[in-house]
Amino acid sequence: MKRAGTVQVSLGLLAFMLIGTMVTVAHAQDYKAILANPERPEDDRKLDAGRKPEEVLKFFGVKPGDKVADIMAGRGYYTAILSQVVGPQGVVYSTNNAFIKGFVKDVLDVRLQNPMFANVKHIDGEIDKLALPTDGSLDFVLIHLNYHDLVLKNDNRAAMNKLIFAALKPGGVYGVVDHYAKDGSGSETTESLHRIDKAMVVKEVSAAGFVLAKEGEMLRHPEDPRSENVFKNRGETDRFVLRFEKPK
């Protein structure tokens, strides 16, 4: 009887483990399929090798069903990927300000007319008036390669960071990816090189109440002297990947 009980417990544990594994697999995202989607523009595909979206989004912990936001979305590179990652049960808030709209025109507007992006809410506007939820319901917010533009245009980053803080749930993640400037340079090369001192970003975002939890290394290029315009070596610049979290 004792042996039978032991076997029964072992079988129960095995079943539990198998169910857990199946759930994990069911919730895993097939990034290869997402990135290979034939509806993705060729220009986006060409950026994948340098931007490593799978590694970046796994680092930030984005998962199916999440409510997320892509700030300064541009032509929608990350908006489109996030839409497929969070799936039909998730939501993506996608926004550009007037400065970015001046470059991308109506490209994102047209792109989001595709029914596959039905889970995207398009909320263009200035960054100190972001129309994000105010109920602390978001899981993740991303600013990818554009924080330096906010500095360049002297936009109200303090107000924006506070709005993002209010929009995120406790434990929610605020991701900032940008091009490294030389340490201690502040915003000296923001206009000429489109780079930003990491310390400046950390100081501003932390002032809104966020805690820098982790830094990703997947976009590091130590060989980059940080002294050239980022458009000269697009995809090969040294970039920081900062994971800020709203305290629980």
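The values are calculated or read from the model by the stated rules, or taken from the named source; none is laboratory data. Given the structure is predicted, the values throughout are model-derived calculations rather than measurements. Cβ placement follows ideal geometry from the backbone for every residue including glycine, while neighbour counts extend to all protein chains displayed.
Looking at Phe16, is it surrounded by fewer than 20 Cβ atoms within 10 Å (Cβ to Cβ), assigned by TED's automatic domain parsing to the domain that holds Leu163 and either over 18 Å from the mean Cα position of the chain (by Cα) or at pLDDT below 95 (or both)?
Answer is no for this residue.
Give me a count of the residues in segment 77-109 that are farther than 29 Å from Asn154 by Cα and over 15 Å from the mean Cα position of the chain (by Cα).
Here the count works out to 3.
With the checklist (1) more than 25 Å from Arg239 (Cβ to Cβ); (2) part of a helix (DSSP H, G or I); (3) of a type in the set (A, V, I, L, M) in hand, flag the one item Leu47 doesn't pass.
If we test Leu47 against (1) more than 25 Å from Arg239 (Cβ to Cβ); (2) part of a helix (DSSP H, G or I); (3) of a type in the set (A, V, I, L, M), just (1) comes out false.
Confirm whether Val241 is of a type in the set (Val, Ile, Thr), part of a strand (DSSP E or B), at pLDDT 95 or above and crowded, with 23+ Cβ neighbours inside 10 Å.
So Val241 does not fit the description; no.
List every residue pair whose Cβ atoms lie under 8 Å apart, where the two residues are 6 or more positions apart in sequence or sit on different chains, the first residue falls within segment 98-124 and is closer than 15 Å to Ala69 by Cα and aliphatic (A, V, I, L, M), and the second residue, located anywhere, is at pLDDT 95 or above and surrounded by fewer than 16 Cβ atoms within 10 Å (Cβ to Cβ).
Going by the 8 Å Cβ cut-off, the qualifying pairs are Ala118/Pro88; Ile123/Ala131.
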